[in-house]
Amino acid sequence: MCDSLHRTPGWGKITTEGHWFKDEHGRVLLLRGVNLGGSSKLPKLPSDMVQQEDFYTKDVTFVGRPFSLQDADEHFSRLRAWGLTFVRWLVTWEAVEHDGPGKYDEEYLEYLRNVIRKAQPYGISLFIDPHQDVWSRWTGGDGAPAWTLEAVGFDLRCLDWAGAAMTYQKNADSYPQMAWGTNYMRLATATMFSLFFAGDDFAPQTRIVEENGVPMPSHEPGVGIPVQKYLQSHFINAMKKVAEVLKDEPNVVGFDTLNEPSNGWVGYEELDKELLPFRFGALMTPWQAMQLGSGHGQDIQFYSKPFVYSHSTFINQTRTPVWRQGTQCVWKQNGVWAEENGRPVLLRPHHFAWRPAREGDVGAGPLGMPIDFLQDYMVPFFREFTKGIRSVMPHAVIFAEPHCNMVDPDFEPICRMGPEKDFVFAPHYYDVMTLVTKQFRRWVTMDSLKKRPVFGYRAVLKAHALTLQSLKEGGIGFYAQPGRLATREDQCVPTFFGEIGIPMDMGRGPSSGDDAPRPTPQAYLTGDFRQQVDALDANMVALESNLASFTLWCYTPDNTNKRGDLWNDEDLSVFSPDQQFDPEDVHSGGRALPALIRPYARKIAGTPLRMAFWCQAQQRTFEFAFRHDPKITEPTEIFVPQYQYPGGYQVEVSDGTYKVLFDQQILLYYHTKDKEDHRLRIWKQ
């Protein structure tokens, strides 16, 4: 791979001002990149993408995730050539602290610093994403170390058998596609998130003690560290350790707070009712989940496909408890339920519906206060996390993620927090219809705002754009009071879409039987990725119409056609070695490249007004307009990829001059001062 090509300049120092990212010259930045990478959720050794006894070992290493130091240049060169030079870098809590509380993997941290240092010459900046999905690998996802579950009394080997979790490792090829998210409402994941964010309010009796460095539940009232403080402080200290290692790296911008956190059961009004709007997999009430965990088998409804009821199944026939010997269910310990004559009895069906009143609360009733999970629990966590990171990295930009509300996925994430300098609102967005069905139809989608289907290609594009616009307003109103958006610039923060992407394995579908392999997508057999190009272009058009900064999910260096991103059969990577037929070609291995590699304004000498690119038009036309800031003297910088314009391109500007740096894939535009608004147009030569 020729290193002399595609030398795109770096981003420089990144800060925030109002709802924009800015560089050291005051130019607005439209950041664009990828999540790196999908397989970083798993240890490098041993790999546990298939069922094996190694799943339970703590002797793991994440050194080599996302790739080895030897392979780093190849992947960084590719991202630079594609113009995807702002990276959300996955680091799991388990990768840092898998061996036990306070025991940090120094070898991994050294690798992390060295591989990130190699990204700098390629103009790649990044922020650290403390990644998790449904808490941990043992609860069906990734993220937290095993000892966090053991600390509250869970027996890892019983979680799947007793229905407290559903793991890919125990189900392999019979695993329903996209079923991992159902773990959010199962006992193990829901319990851990409820304790992590709200243990002080809903599990005050649960405390943690350590014996010879091994955490376990305290059996003596008032003895030990409250579980919420124990879990949060260890998580923040682990990420603080990462910050200490990376604080002097100039291309490390900051930290995400926590990927896709959950409210657990906090805010659930009735524990004996199923309230999930999305029906898929084994659906159980929280009360059923608690009973299952203590060995009381339950008849559970099972949906084989989204909203398609299949059958009722009896879970935990062996009556296996998930709690280690000598411990009990934390919710039983905290008086939510009890056993009478050997039968479980629910004592507090509304246990999570109200929180205890606090000093300064107005309107508290006899049951306490109604719950605003974002304000009551996420904001205090944001503050503690920010305090920890900035104690060692004072200028870190913090990308704050709202929680995933499984009961009300359409809640408005308005956050009354600040103001905090260099703070970012960082939601995620996926076209759920495409993600779940693994099909994209240009003429129809589900409008997530109006809760109804829309028809026609233009209407589909508009629906995606309006949904992103509504999410973007979460940043515009980040410091707003209830019921109204902020209007002053100093009350706003940038919105950054930390994840957005499409399934590349469109058409795969489920297997025809438990032992039958899933069908191979046609794109992998024929190389025809037109459906993927259409789907990705719809996302990119929506992002560009909102002048959004984002990182696509995802880039997985070791993706395979068979196992996708090596995690729960997801396959969203924009690169795969299985599509790489010419290792000397920087683009070989790329997926849906006509929609992925696009011209865009990177650094703007003012305020962007409009940006659009027609990737499937013969001329590959790009248009951009902005209003200049008279205080800025640096030019506007446009990324213009050779992939789209191999023979060069023509430029039309409203005024001023421009300079083409073809090898660097950059166009510099020098506007005049006598006009307020400026525009430029690029098309294929």
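Derivation of every value follows stated rules applied to the coordinates shown; laboratory data play no part. The structure presented is a predicted model; accordingly, all values stated were derived computationally and were not measured. Ideal geometry is used to build each Cβ from the backbone, glycine not excepted, and the neighbour counts take in all protein chains shown.
Per-structure values
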| read-out | value |
| --- | --- |
| For the stretch 584-628, alpha-carbon Rg over 2.2 N^0.38 Å | 1.45 |
| Unit charges on C-beta of K, R, D, E only; dipole of the chain, Debye | 1620 |
| Spacing of the two label points (7 Å from each Cα toward its C-beta) at Asp200 and Arg627, in nm | 4.4 |
| Relative contact order (%) - criterion: Cα under 8 Å, at least six apart; region: the stretch 602-684 | 35 |
| Antiparallel %, DSSP beta bridges [both residues in the chain], to 5 | 70 |
| Amide H partners (placed H, <5 Å) of Ala357, local residues excluded | Met369 |
| Helix-only mean residue ellipticity at 222 nm for the chain, each DSSP H run of n ≥ 4 adding -39500 (n - 2.57), per residue, nearest 500 | -6500 deg cm²/dmol |
| 17 Å Cα-Cα reach of Lys421 towards aspartates and glutamates, excluding residues that sit fewer than 8 places from it in its own chain | Glu17, Asp23, Glu24, Asp256, Glu384, Glu401, Glu489, Asp490 |
| Helix 106-119 vs. the chain, principal-axis angle (Cα, 0 to 90°, nearest 10) | 20 |
| Other-chain or far-sequence residues with amide H under 5 Å of Ala282's (modelled H) | Tyr303 |
| Rounded Å value of the spacing that divides the Cα centres of the stretch 596-641 and the stretch 82-124 | 31 |
| Förster-model FRET efficiency, 25 Å R0, Asp361 and Arg383, C-beta, rounded to 0.05 | 0.85 |
| Separation in nanometres of the label points that stand 7 Å from Cα toward Cβ, at Gln120 and Val223 | 5.1 |
| Gain on full stretching of the segment that runs from Thr526 to Asp272 - 0.36 nm per residue minus C-alpha separation | 86.4 nm |
| Subset of Lys22/Lys603; Lys41/Lys438; Lys305/Lys462 violating a 19 Å alpha-carbon distance limit | Lys41/Lys438; Lys305/Lys462 |
| Hz values of 3J(HN,Hα) by residue in the stretch 134-147 - Karplus curve (6.51, -1.76, 1.60), Gly and Pro given as x | 6, 5, 7, 5, 7, 10, x, x, 6, x, 7, x, 4, 5 |
| Hz values of 3J(HN,Hα) by residue in the stretch 221-231 - Karplus curve (6.51, -1.76, 1.60), Gly and Pro given as x | x, x, 9, x, 9, x, 4, 4, 5, 4, 5 |
| Taking the stretch 30-158 and dividing mean pair separation by its residue count, relative contact order in percent (alpha carbons under 8 Å, at least six apart) | 28 |
| The stretch 550-580-the stretch 238-301 distance, computed between alpha-carbon centres (Å) | 24 |
| Cα gyration tensor of the chain - equivalent ellipsoid semi-axes, whole Å, descending | 42, 28, 25 |
| Calculated from backbone phi, Karplus (6.51, -1.76, 1.60) coupling profile of the stretch 280-289 in Hz, x at Gly/Pro | 6, x, 7, 9, 9, 7, x, 5, 4, 4 |
| Cα-based Rg / Dmax (Å) for the stretch 602-684 | 12.4, 38 |
| In nm, spacing of pseudo-spin labels at Leu69 and Tyr56 (7 Å Cα→C-beta vector) | 3.6 |
| Amide proton proximity set for Cys554, modelled H, under 5 Å, gap of 5+ | Ser573, Val574 |
